[in-house]
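Reading through the structure tokens given below for one structure.
The values are calculated or read from the model by the stated rules, or taken from the named source; none is laboratory data. Everything quoted here is computed from the prediction, not taken from an experiment. All Cβ positions, glycine included, derive from the backbone under ideal geometry; neighbour counts span all protein chains shown.
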Amino acid sequence: MTSAVDANGNSSNSNNERDIINLGGTGDDGTTRPEKLHQLPCSVDYDGPAKVSTYFLPEKQPDLTYSASFRGRQLCGRKVTLPDSYVGHVVVESTVCNHGLPDVAFESDLPSSSPTASAQRELRSVAQFEDLTVWDHDQMPLLENDEFICALQWIEVGGCIHADCSSNSIATVDK
């Protein structure tokens, strides 16, 4: 499937579907609220409200790392800040059918037999964040062993690759 994104964040693709990424506010005052986020090294087969603050109790350590346990497993965590000028968004997904078809929650539920059917997939921002805590089992997540932290480093590398390389802006690196 190929997609094209317009200036409003809307994308169209070759399957008669439209993807909308809505990064506007969702609160009563039109703004999104910052959230505490945790990236856990596990999968939970549940999507709904939970008493996280009652059962997941991270403790800050003297070396500014965190420790906690989840389902009896010891976790080690570190706070990771997004690069300057980046803001993360927590999004929820919904799919809306057009042309008189019933609304469905997932693309896989769309009728494939109708060539006139089109769907509109929407990703709506429900919260923003500038940092999150990345967790690993029994060891501290590091650049060398954590894919998420490594991916954030590539944002910085990409900025360096595309930076101005004029003679006044080149820095000398000591070896």
From Leu64, Leu40, grab the single residue that is modelled with pLDDT of 85 or more, closer than 21 Å to His137 by Cβ and loosely packed, with under 10 Cβ neighbours inside 10 Å.
Leu64
Glu130 vs. criteria at pLDDT 85 or above and either of a type in the set (Asp, Glu) or surrounded by 16 or more Cβ atoms within 10 Å (Cβ to Cβ) (or both):
yes
Taking the stated definitions as given, is Ala105 surrounded by 14 or more Cβ atoms within 10 Å (Cβ to Cβ), farther than 21 Å from Glu130 by Cβ and at pLDDT below 70?
no
